[in-house]
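Report on the following structure.
The values are calculated or read from the model by the stated rules, or taken from the named source; none is laboratory data. If you're wondering where the values come from, they're calculated on a predicted model, not measured in any experiment. Here Cβ is always computed from backbone atoms with ideal geometry, including for glycine, and neighbour counts include all displayed protein chains. Accessible surface is based on the protein model in full, side chains and every heavy atom, while ligands, DNA and RNA are left aside. Shrake-Rupley method; radii C 1.70, N 1.55, O 1.52, S 1.80 Å.
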Amino acid sequence: MNYKEMEYVMAVEQEKNLTKAAHRMGISQPAMSKSLKNIESELGVPLFEKMAGEYIPTAAGHLFLDFAKESKERESRFFRELQELIQFKRGILRVGITPARSSGLTPEVLPEFRKNFPDLRMELHEEDVDNLEEMLKKGLLDVVYFVVDEDYREKHPEFYTELLGREEIVLTVKKGTRLKEEPVIKYGFEYPWVDIRQFESEPFITLNKDMRIGKICDKVLEEHHMTPEVIRFADIRTAHKLVLKGYGSCISGSLGMQNHRDQFDIYSFGDKRIVWEFVAAYRVGSYRLEPLQYLTQLYKKAADQKRKIK
């Protein structure tokens, strides 16, 4: 018995007819009938019974079909993983990451990675989240690094996500900006807490509506019944540069902001702190070889180091 014969049996189950099953598999009807009889003879039990002109699996047939389908899935997984092994042997690692996240982490990661894998070629793609997800789905990337909200895993069962760290969403303003109300220390918040409504008369600098920070900012303003001027960009670095000029405030992730505490004041806000997760995302069933695992460890380490800087 071989994989091809298993496919013959699965075709009979699906078509419920030997002639149609044979046509589907590209063989003659007599050849299909002979193959089925050979399998049944080898197993010592009939796999089908004919009822009202249709081939219906017997109890043994159902058991065999379960085995055949599982074997087919394992065969497919083997060849997929073999192809990935070949790809790494050729020295290509395809990585996706969002631009702002890459700016803060990749310069710390790649030199260290190169020391351990000097012959491995890396294709690095800086794209927005939607593009990265689509490229990962199509198999154009081996891993992507980005931030997700808490229910992301339920919405995207096609991806396996590895948690690299959590960070608070914060409000940033130019260093020394005078407040109408002094910040306070609140339990459960990482930074001095402010009532965000005192900034309503100033512009809010954020990202585009289809980007996660942009969506979070819109939700925060709606929950606080605020209608300030909102200015949007595609890159959080542009938003921060504008804030440094004293033009408005910005809602953003806290990762890396500690590096710039001489330029920004950073505040917590809201009834409860907003947290998102920095993750590595892979296609479910993909094979993560040593270079890929090591790269992910380096990104986690770089993110941890930035969070520790106070």
Subject >> Selection from the range 162-199 of residues that are more than 24 Å from Asp304 (Cβ to Cβ), of a type in the set (D, E, K, R) and touching a residue at least 12 places away in the same chain (Cβ under 8 Å) >> reply: Lys174, Lys175, Lys180, Glu181, Lys186, Asp195, Arg197
Subject >> Those residues of the range 22-36 which are in a helix (DSSP H, G or I), among the hydroxyl-bearing types (Ser, Thr, Tyr) and over 16 Å from Tyr3 (Cβ atoms), in sequence order >> reply: Ser33
Original post:
Any chance the range 158-168 includes a residue that's surrounded by fewer than 20 Cβ atoms within 10 Å (Cβ to Cβ), among the basic types (Lys, Arg) and in contact with an Asp or Glu (Cβ under 9 Å, 6 or more places away or on another chain)?
Top reply: yes
Original post:
So is Ile216 under 25 Å from Gly104 (Cβ atoms), of a type outside the set (Ser, Thr, Tyr) and open to solvent by less than 10 Å² (accessible area, probe 1.4 Å) or not?
Top reply: no
**OP:** Please work out if Ile205 is assigned to a helix (DSSP H, G or I), open to solvent by less than 90 Å² (accessible area, probe 1.4 Å) and not hydroxyl-bearing (Ser, Thr, Tyr).
**Re:** no
Original post:
Restricting the range 248-267 to residues that are modelled with pLDDT of 90 or more and under 15 Å from Leu207 (Cα atoms), which is surrounded by the most Cβ atoms within 10 Å (Cβ to Cβ)?
Top reply: Cys250
Subject >> Answer residue from the range 189-206, given it is in contact with a Lys or Arg (Cβ under 7 Å, 6 or more places away or on another chain) and within 15 Å of Asp271 (Cβ to Cβ) and is modelled with the highest pLDDT among those >> reply: Trp193
**OP:** Would you mind finding the one in Pro99, Pro111 that is open to solvent by 40 Å² or more (accessible area, probe 1.4 Å) and more than 16 Å from the chain's Cα centre (by Cα)?
**Re:** Pro111
Original post:
Somewhere in the range 63-85, is a residue loosely packed, with under 11 Cβ neighbours inside 10 Å, modelled with pLDDT of 90 or more and farther than 30 Å from Arg288 by Cβ?
Top reply: no
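Restricting attention to the range 176-198, and to residues there that are β-branched (Val, Ile, Thr) and part of a loop (DSSP other than H, G, I, E, B), which single residue is farthest from Leu221 (Cα to Cα)? Before the answer, list the steps.
Within the range 176-198, the subset β-branched (Val, Ile, Thr) is 177, 184-185, 194, 196.
In the following step, the residues that additionally are part of a loop (DSSP other than H, G, I, E, B) were identified as 177, 185, 194.
On the way: Thr177: 21, Ile185: 22, Val194: 14 Å.
Top of the filtered list is Ile185.
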Original post:
If you take the residues in the range 10-21 that are more than 37 Å from the chain's Cα centre (by Cα) and in a helix (DSSP H, G or I), which one is surrounded by the most Cβ atoms within 10 Å (Cβ to Cβ)?
Top reply: Val12
Original post:
Restricting the range 249-303 to residues that are farther than 30 Å from His225 by Cβ and part of a strand (DSSP E or B), which is farthest from the chain's Cα centre (by Cα)?
Top reply: Phe278
**OP:** Kindly indicate whether Glu162 is at negative phi, within 33 Å of the chain's Cα centre (by Cα) and in a loop (DSSP other than H, G, I, E, B).
**Re:** no
**OP:** Answer with yes or no whether Ile231 is outside any helix (DSSP H, G or I), of a type outside the set (D, E, K, R), modelled with pLDDT of 85 or more and out of contact with any helix residue (DSSP H, G or I) (no Cβ under 7 Å at 6 or more places or on another chain).
**Re:** yes
